[in-house]
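Nothing in this text is a laboratory measurement; each read-out follows from the coordinates by a stated rule. Just so we're clear, the structure is a prediction, and the values are computed from it rather than from any experiment.
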Amino acid sequence: MPGKSSKASRAGGKRGRSAITGRFVKQTTVRRHPSTTVNERASRGSKKSR
């Protein structure tokens, strides 16, 4: 659907993850807790046809 976008793309291609639990967190949480969270690049895997 053209009107929808993923959360990662709205956050500039980044997604937050807790360094303790490994779960995804919001970007606001990453900003509030920089020592226990990390930003990851959200990349789309290439789909190569054989």
Amide H neighbours of VAL25 under 5 Å, at least 5 residues apart or on other chains, H built in the peptide plane: list them. GLY16, ARG17, SER18
If you plug each phi of region 27-40 into the Karplus form 6.51 cos²θ - 1.76 cosθ + 1.60 with θ = phi - 60°, what whole-Hz ³J(HN,Hα) values come out, in order, with x for Gly and Pro? 5, 5, 5, 4, 5, 6, 10, x, 7, 10, 9, 9, 9, 10
